[in-house]
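Okay, so here's the structure we're looking at.
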Amino acid sequence: MNIIPMPASIEYRAGYFKTVGIPRLSGETRFEPEMHSFREQFEGAPIDDEKQIICSTDDSCAKEEYRIRIDPERITVSASCQTGMYHGLQTVRQMLLDESAIPSVLIKDRPRFSWRGFMLDTARHFYTVSFIKKLIDILSLHHINIFHWHLTDDQGWRLPVKSYPLLTEIGSKRLERRPVWGRYSGGFYTEQDIRSVIAFAASRHVEVVPEVDLPGHASAILASYPGLGCTGGPYRVEDRTGVFEDVLCAGTDAVFDLAEAVFDTLQELFPSEYVHIGGDEVRFNRWDACPKCRRRLSETGLKSARELQSWITVKLVEMLGRRGKTAIGWDEVLEDTEQFRLPKNVVVMSWRGSQGGEKAARLGHKVIMAPSTKGCYLDYRHNEDPEEPGQPAISRVSDTYSLDPCENMAAETAASVIGGQCNLWSELIYAGKIAEYMIFPRICALAETVWTERKDFASFTQRLPIHQNRLDRLHVIQYRGAL
Ligand code: ACM
Ligand code: ZN
């Protein structure tokens with residue numbers, strides 16, 4: 001069947017379902033939205049009126065679970081919930097993208113983890129709404145269910161905030177607006193853009209989780225509102241890559257006014273329970289030297305500037321809590337938390353390796369594994385060929401496949417791990433078509449590691465070429481070298 005990710009069970013029976021086009025789709029009205037998405041996905045394809053796909057309820061299915069029964073005359077997809085139905089239809093979509101004769105099988109399938117994510121950095125380079133929608137659609141073909149939208153960084157602020165108009169007026173345009181293939185990298189998403197991405201993602205059963213990176217990676221904020229920094233500037237929306245010394249001033253209360261306004265905006269636009277607050281790679285030199293930060297240190301009874309980060313994290317988490325939101329932070333949010341303990345409900349995203357996530361899980365935090373050491377960083381090159389695009393480090397498809405979010409964990413600790421994800425940082429990724437080359441097929445490997453209990457790399461490599469032909473039909477640019 002060459003399905004990716006591998007279903008939990010496939011039972012082969014005699015006979016084939018043969019079709020000369022896309023079968024007619026019908027079913028219970030509660031599944032109308034999923035049927036509508038499926039029809040959209042095959043828009044323009046020839047219909048085979050003789051054959052049908054039927055969507056029906058099976059109450060014995062758990063959340064996200066689905067069943068597929070293939071008989072010579074029809075395909076029956078059943079689930080107890082709409083998300084399960086959507087996943088089932090995506091598996092059927094895979095079959096119809098490469099087969100005109102589908103073996104009669106019974107498939108039972110359900111996910112291993114509830115968080116199956118992909119992060120796109122739209123700050124270092126700007127990506128169009130139509131590219132983001134295409135990507136979300138194809139991620140959902142693999143049962144990826146989280147689109148983590150990295151909206152702000154040193155090189156650009158992409159989120160409109162009504163009471164802070166300079167964030168987009170100034171902060172969305174990098175200092176040196178180098179044209180890349182005739183286009184300037186910059187811009188922001190309008191409220192309308194954001195709502196349309198979220199609505200589209202919902203039709204693909206993908207949840208959009210916004211990230212606003214605080215208090216580091218803040219050059220675009222500082223260029224827009226210099227009073228929020230320790231030195232007062234001058235600042236610039238960065239065109240260079242790297243980690244910068246200037247971060248939001250921990251001694252300036254106006255920083256929290258800005259955070260309130262940003263969180264109001266996120267609450268208005270994003271239905272997700274989660275808001276990612278970043279927290280990675282904060283430099284403390286400015287805080288060490290800043291009289292306002294030193295005053296904050298003495299007020300709070302903290303000893304070192306580093307501890308101000310956990311003080312800030314606690315405040316941001318409380319602000320989100322008042323809005324009914326749960327914070328996610330990069331694994332640095334666990335450091336220097338002796339005085340200001342990281343609230344238990346903060347979800348930790350482990351990126352520098354798995355250790356941060358392991359520690360967080362032992363402390364009872366929910367954890368998402370995205371370790372750069374396990375093939376989760378898709379801005380790394382696919383292999384050592386000097387012609388490969390990407391960062392100098394290498395993440396092979398097999399590295400991504402090797403991720404086990406619960407590796408070496410006791411059962412009790414492993415229970416805190418809600419899943420895994422891959423991240424595409426975009427310093428070097430100028431356009432959507434290069435992004436596709438970096439993402440595929442590594443995301444197919446990730447999808448399998450977070451969905452199935454039946455991981456087998458040899459089997460994956462046999463299925464992959466056929467699956468890549470499907471992605472070709474969907475006009476996806478892909479890496480096809482050594483795995
Ligand atoms: C990160 O890669 N700085 C989270
Ligand atoms: Zn300061």
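The values are calculated or read from the model by the stated rules, or taken from the named source; none is laboratory data. Because the structure is predicted, anything quoted here is derived from the model rather than measured. For neighbour counting, all protein chains shown are included, and Cβ atoms are generated from backbone atoms with ideal geometry for every residue, glycine included. Accessible surface areas use protein heavy atoms only, side chains included; no ligands, DNA or RNA. Shrake-Rupley method; radii C 1.70, N 1.55, O 1.52, S 1.80 Å.
Within region 344-391, being within 13 Å of ligand 1 (Cβ to nearest atom), more than 17 Å from A445 (Cβ to Cβ), in contact (Cβ under 8 Å) with a residue 40 or more places away in the chain and open to solvent by 10 Å² or more (accessible area, probe 1.4 Å) holds for one residue alone: W351. Every condition in (1) modelled with pLDDT of 95 or more; (2) within 30 Å of V197 (Cβ to Cβ); (3) of a type outside the set (A, V, I, L, M); (4) more than 16 Å from ligand 1 (Cβ to nearest atom) is met by D239 except one, and the failing one is (1).
The condition of being among the β-branched types (V, I, T) and surrounded by 24 or more Cβ atoms within 10 Å (Cβ to Cβ) holds for only one of I138, I144, I132, that being I144. Per the listing V161, V209, the residue uniquely in contact with a His (Cβ under 7 Å, 6 or more places away or on another chain), within 24 Å of E268 (Cβ to Cβ) and of a type in the set (V, I, T) is V209. If you check E207, E273, E299, E245 for being surrounded by fewer than 23 Cβ atoms within 10 Å (Cβ to Cβ), farther than 25 Å from I368 by Cβ and away from ligand 1 (no atom under 16 Å from the Cβ), only one passes: E299. If you go through region 27-65 and keep only what is within 26 Å of W115 (Cβ to Cβ), part of a loop (DSSP other than H, G, I, E, B) and not hydroxyl-bearing (S, T, Y), you end up with D58, D59, C61, A62, K63, E64, E65.
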